[in-house]
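The values are calculated or read from the model by the stated rules, or taken from the named source; none is laboratory data. As the structure is a prediction and not an experimental result, all values here were calculated from the model. Every residue, glycine as well, gets a Cβ built from its backbone with ideal geometry; the counts of neighbours run over all protein chains shown. Remember, those area values only see protein heavy atoms, side chains included, never the ligands or the DNA or RNA. Shrake-Rupley method; radii C 1.70, N 1.55, O 1.52, S 1.80 Å.
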Amino acid sequence: MQINVENQSKSTIKMTVVIPNDKVKETYNQVVDALVDTAEISGFRKGKAPKDKVLEKTDPAKLNGEVVNKLLETY
């Protein structure tokens, strides 16, 4: 992971974080697996719905936000 911090004007900074693609994919899969384990989809028992059905019902923006938050927590 690379972090670049640039000082801007008046107490403002610009931070650039670069994370390797394989770490992003790994974290994405972890978040999706956790989501599948807790998902409640009608017609399926809790945690037993297929991954594609869970992803279909999940907001992609929220999913990506969870991935970013988890990446920033761990690095």
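For the chain, the tally of Lys pairs with Cα-Cα distances below 27 Å comes to 29, considering only residues 8 or more apart or on different chains. In plain terms, the chain from Thr38 to Lys51 could stretch by 3.5 nm, reckoned as 0.36 nm per residue minus the Cα-Cα distance. At 1.4 Å probe size, with the rest of the protein present, what percent of the exposed accessible area of the chain is carbon and sulfur atoms? Carbon and sulfur atoms account for 49 percent of the accessible area of the chain.
Taken per residue, the accessible surface of the chain reaches 80 Å², heavy atoms only and a 1.4 Å probe.
Here the chain is described by how far its Cα atoms reach on the three principal axes: 55, 25, 16 Å, from widest to narrowest. Restricting the trypsin sites (Lys or Arg not before Pro) of region 1-31 to loop positions (DSSP other than H, G, I, E, B) with no more than 14 neighbouring Cβ atoms within 10 Å leaves Lys10. Sparse packing (at most 15 other Cβ atoms within 10 Å of the Cβ) combined with a DSSP loop state is found for the following GluC sites (Glu not before Pro) in the chain: Glu40. Peptides 28-34, 57-63, 42-48 ranked from most to least packed give 28-34, 57-63, 42-48, packing being the mean of other C-beta atoms within 10 angstrom over each peptide's residues.
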